[in-house]
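Q: To start, I am sharing the structure in question, which I have written as structure tokens.
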Amino acid sequence: MIKKKNVIWNMMGITANAFISLFLLIIVRRINGINLSGIFSYAFSLACLFYVVAVYYNRVYQVADVENSFSINEYLTSRFLTSFITSILIILFCIINGFTFFKSTIVILLTLFKIIEAISDCYYGFIQKKDDLAYIGKSLFFKSLIGVLTFLIVDIFTKNLILSILMLIIVNFIIMIIDIKKFYTLYKTKFYITIKNVPELLKETLPVFLFTFLNIFLCNCQKYVIEYFLEDSFQTIFAVIVMPATFLSLCGPYILMPFLNDISKLYAKKDMKNMNNYVNKINGIYIIIGIAVFIIAFFLGVPVLNFIYDLHLENYKLSFMIIMAGSIAYGLVSMISNILTVIKRNKEQLYIYIISSVIALVSSILLIKNFALSGAAFAYSITMILHCLMCYLMLKYYLKK
């Protein structure tokens with residue numbers, strides 16, 4: 001019963017946290033207009049990238065440290081250190097890029113919102129070690145729900161985007177304090193700053209950081225490039241037409257998870273024949289779902305997005321479908337990547353992510369500069385399809401090997 005409770009609440013929390021950007025963008029588009037929603041969309045995607053610097057290693061690594069190679073205070077000190085570095089980096093980034101005071105404020109505040117999330121995640125790691133995923137799920141779920149509702153109410157009455165984000169930060173901060181109190185009820189310890197093994201911890205988790213950073217960059221590369229070539233309104237349009245693709249790519253892990261333990265056991269037994277059958281089965285299921293979603297998106301995608309965001313996207317239907325095709329490829333990557341992790345090919349994946357990031361950046365600059373939003377759509381799909389092909393060929397190579 002406890003395990004079921006953990007799974008249900010954890011899934012609800014993760015889903016609510018994943019959807020927060022969707023709801024916030026809808027609110028900003030409806031209340032603050034297309035240009036401000038473009039600034040918000042870009043700032044949020046940038047905050048997600050800098051969040052990776054703040055979180056550095058992910059919670060999986062922290063929870064997997066069953067031998068307690070690093071102490072509680074070393075983990076906490078490293079997280080506070082990376083969070084402080086992130087705050088300095090985002091300020092420098094705004095200055096170097098010459099953002100206006102308003103845009104800089106939005107970027108910095110949303111990054112602060114994500115920094116608080118990164119600090120909370122460290123405490124979540126220790127709570128998860130006590131097998132209380134249900135608490136983490138509840139924290140994420142109610143934080144997302146209360147945050148979105150507070151943001152909505154403040155924005156309706158003030159139409160002030162900065163004030164609305166500040167309220168979002170306050171909600172996150174209050175719930176983080178509650179999370180910290182929960183942590184101290186589970187761990188009878190006192191926090192003190194220690195740098196003894198922090199450099200070693202950061203060095204050991206560097207591959208995790210690089211892998212995660214490049215993954216976020218790959219997903220948002222076109223948004224970052226649009227900032228330098230197109231007006232803010234195009235950020236809104238691209239964010240809207242890429243949103244369904246983002247959530248389609250999340251389907252991959254959901255399909256994979258029920259099979260992951262079996263795949264791990266087959267790999268441990270070196271039963272590559274049955275493992276290969278599992279992989280083909282999972283890929284087949286996902287491709288069928290992807291094709292079905294693609295067909296539905298062709299007929300209903302643009303009308304539904306028009307209704308939700310109060311836009312007229314008929315002229316962008318081709319770009320939307322091109323992005324959907326690329327998202328099917330990226331969803332496949334999300335599954336293949338997990339399987340490559342099972343067979344311990346993380347370093348090789350990192351090389352692929354570096355190559356794909358270069359492809360994404362170069363293609364985005366060339367195509368967006370010359371073809372505007374349709375160029376962004378082509379750059380997205382070209383990158384994702386090539387990335388998927390490289391990952392798939394690597395997986396097949398190591399399964400045969």
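Taken together, the values in this text are just the output of simple stated rules run on the coordinates, not laboratory data. Because the structure is a prediction, the values reported are computed rather than measured. Here the Cβ is made from the backbone with ideal geometry for all residues, glycine too, and neighbour counts use every protein chain on show.
Q: Listed highest first by mean packing, meaning other Cβ atoms within 10 Å per residue, what order do 189-201, 133-145, 362-374 come in?
A: Sorting 189-201, 133-145, 362-374 by mean packing, highest first, produces 133-145, 362-374, 189-201.
Q: Also: How far, in nm, would the chain grow between Val63 and Asn306 when pulled straight, counting 0.36 nm per residue and subtracting the alpha carbon separation?
A: Fully extending the segment from Val63 to Asn306 adds 83.2 nm.
Q: Also, quick follow-up: Expected output is a single nm value to one decimal: the length gained when fully extending between Val362 and Ile8, i.e. 0.36 nm times separation in residues minus the C-alpha distance. What is it?
A: Length gained between Val362 and Ile8: 123.3 nm.
Q: May I have the extent of the alpha carbons of segment 90-241 along their three principal axes, as whole Å values ordered from largest to smallest?
A: Between the extreme Cα coordinates on each principal axis of segment 90-241 lie 52, 41, 28 Å.
Q: How big is the chain by the Kirkwood estimate over distinct Cα pairs, in Å?
A: Working: mean 1/r = 0.0450 Å⁻¹.
About 22.2 Å for the chain.
Q: Using packing as a proxy for protection, rank 51-60, 22-31 so that the peptide with the highest average count of other Cβ atoms within 10 Å comes first. Present the calculation step by step, with values, prior to reporting the outcome.
A: Numbers: 51-60: 21.0, 22-31: 19.4.
Final packing ranking: 51-60, 22-31.
Q: Ok, one more. Is segment 1-45 best put as rounded, prolate or oblate by its Cα gyration tensor, with a ≥ b ≥ c the root eigenvalues, rounded for a/c under 1.5, and otherwise prolate when a/b is larger than b/c, oblate when not?
A: prolate
Q: Separate question: Highest mean first, what order results for 66-74, 108-116 on Cβ atoms within 10 Å?
A: Per-residue mean Cβ counts within 10 Å order the peptides as 108-116, 66-74.
Q: In terms of the Cα gyration tensor, with a ≥ b ≥ c the square roots of its eigenvalues, is segment 219-302 rounded because a/c is under 1.5, prolate because a/b exceeds b/c, or oblate?
A: prolate
Q: Same structure, new question: Which length gain, in nm to one decimal place, applies between Tyr184 and Phe84 when the Cα-Cα distance is subtracted from 0.36 nm times their residue separation?
A: Separation in residues times 0.36 nm, less the Cα-Cα distance, equals 33.7 nm.
Q: What ranking do Ser120, Ser334 get, fewest neighbouring Cβ atoms within 10 angstrom at the top?
A: Ser334, Ser120
Q: Can you give me the pair-distance distribution of segment 54-116, C-alpha pairs, 5 Å bins, whole percents?
A: Pairs per bin, as whole percents: 4, 16, 23, 18, 13, 10, 8, 5, 3, 1.
Q: Hey, another quick one. Rounded to the nearest 500, what is the chain's calculated 222 nm mean residue ellipticity when only DSSP H runs of at least 4 contribute -39500 (n - 2.57) each, over all residues?
A: It comes out at -30500 deg cm²/dmol, rounded to the nearest 500.
Q: As a quick test, which of the pairs Lys129/Lys269; Lys138/Lys281; Lys281/Lys344; Lys5/Lys190 have an alpha carbon distance above 32 angstrom in this structure?
A: Lys138/Lys281
Q: Under a plain spin-label model, where a point goes 7 Å from the Cα along Cα-to-Cβ, how far apart in nm are Asn274 and Thr158?
A: Computed distance between label sites Asn274 and Thr158 equals 6.0 nm.
Q: Same structure, new question: Would you please classify the overall shape of segment 183-260 from the alpha carbon gyration tensor, given that a ≥ b ≥ c denote the square roots of the eigenvalues, rounded means a/c under 1.5, and beyond that prolate means a/b larger than b/c while oblate covers the rest?
A: On the way: a/c = 2.37, a/b = 1.69, b/c = 1.40.
In terms of gyration-tensor shape, prolate.
Q: At 27 angstrom or more along the helix axis (alpha-carbon based) and mean Kyte-Doolittle of -1.0 or higher, what helices does the chain contain? Whole DSSP H runs only. Write out the running numbers ahead of the final one.
A: Details: long enough: 2-32 (44 Å, 0.86); 34-55 (31 Å, 1.84); 72-96 (36 Å, 1.61); 101-129 (42 Å, 1.03); 133-158 (37 Å, 1.62); 161-186 (38 Å, 2.13); 206-229 (32 Å, 1.20); 272-296 (36 Å, 0.96); 317-342 (38 Å, 1.58); 346-400 (42 Å, 1.11).
Sorted by number, the helices that extend far enough and score high enough are 2-32, 34-55, 72-96, 101-129, 133-158, 161-186, 206-229, 272-296, 317-342, 346-400.
Q: Could you give me the radius of gyration and the Dmax of segment 242-401, taking only the C-alpha atoms into account and expressing both in angstrom?
A: Rg then Dmax for segment 242-401, in Å: 17.3, 55.
Q: How far is it, in nm, from the label point at Phe247 to the one at Lys347 when both lie 7 Å from their Cα along the line to the Cβ?
A: About 4.0 nm separates the two model spin labels.
Q: Let me ask something else. Mind jotting down a quarter of the surface of the convex hull over the alpha carbons of segment 2-204, in square nanometres, one decimal?
A: For segment 2-204, the mean projected area of the Cα convex hull comes to 11.8 nm².
Q: If you don't mind, there's one more thing I want to ask. If I build a Gaussian network model for the chain, linking alpha-carbon pairs within less than 10 angstrom, which residue out of Thr185, Thr383, Thr105 has the largest mean-square fluctuation?
A: Its mean-square fluctuation being the largest, the pick is Thr185.
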